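Data first, discussion second: the structure below is written as structure tokens.
The values are calculated or read from the model by the stated rules, or taken from the named source; none is laboratory data. For clarity, every value in this text was computed on a predicted model and none was experimentally measured. Don't worry about glycine lacking a Cβ; one is built from the backbone with ideal geometry, like all the others, and counts go over all protein chains shown. We work out accessible area using only protein heavy atoms, side chains counted, and drop any ligands, DNA or RNA first. Shrake-Rupley method; radii C 1.70, N 1.55, O 1.52, S 1.80 Å.
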Amino acid sequence: MAGREVLLRRAYCDLIGLPPAPDEVREFLADSDPLAYERLVDRLLERRRVAREIDRVILGRLVRRIVAAAREHEKKKPKP
């Protein structure tokens, strides 16, 4: 069975694609509650959900800017 620090690092890498910060490692290792890992996973899943929502908003804005720029470029093209 993997140790708590290994579980923590796996959860971070698998769920958000980044390693945990040193303070997050210390906080998790200091938490002796048997439900600490479940709370960690819930927290990481929520971060992932929020990140997806932020990505959706940013990508939407980017697409709108690209479409507007393309339309502006089409307006400036000389007509045959």
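Semi-axis lengths, largest first, of the ellipsoid equivalent to the chain are 46, 11, 9 Å, with √(5λ) applied to each eigenvalue of the Cα gyration tensor. For the chain, the solvent-accessible area of protein heavy atoms averages 84 Å² per residue (probe radius 1.4 Å; ligands and nucleic acids excluded).
Sorting 55, 14 by solvent-accessible area of protein heavy atoms yields 14, 55, largest first, with a 1.4 Å probe. Our coupling estimate for the range 63-80, obtained by passing each phi through the Karplus curve with A = 6.51, B = -1.76, C = 1.60 and θ = phi - 60°, is 4, 4, 5, 5, 4, 5, 5, 5, 5, 4, 4, 5, 5, 7, 5, x, 7, x Hz, Gly and Pro reported as x.
The share of accessible area on the chain that comes from carbon and sulfur is 59 percent, using a 1.4 angstrom probe.
In a GNM of the chain with a 10 Å cut-off on Cα contacts, which of 64, 43, 52 has the highest mean-square fluctuation? Answer for the Gaussian network model of the chain: 64. Projecting the Cα atoms of 40, 63, 18 onto the charge dipole of the chain, computed from C-beta unit charges around the Cα centre, puts 63 farthest toward the positive end.
Quote the charge dipole size of the chain about the Cα centre in Debye, to the nearest 20; the model charges only the Cβ of Lys and Arg (+1) and of Asp and Glu (-1).
Roughly 1120 debye for the chain.
3J(HN,Hα) couplings calculated from phi for the range 16-29 with the Karplus curve 6.51 cos²θ - 1.76 cosθ + 1.60 (θ = phi - 60°) are, in sequence order, 10, x, 9, x, x, 6, x, 5, 5, 5, 4, 4, 5, 5 Hz; Gly and Pro show x.
Full extension of the segment from residue 7 to residue 76, taken as 0.36 nm per residue of separation minus the current Cα-Cα distance, would add 19.1 nm.
Look at the alpha carbon pairs under 8 Å that are at least 6 residues apart: their mean separation over the length of the chain gives a relative contact order of 26 percent.
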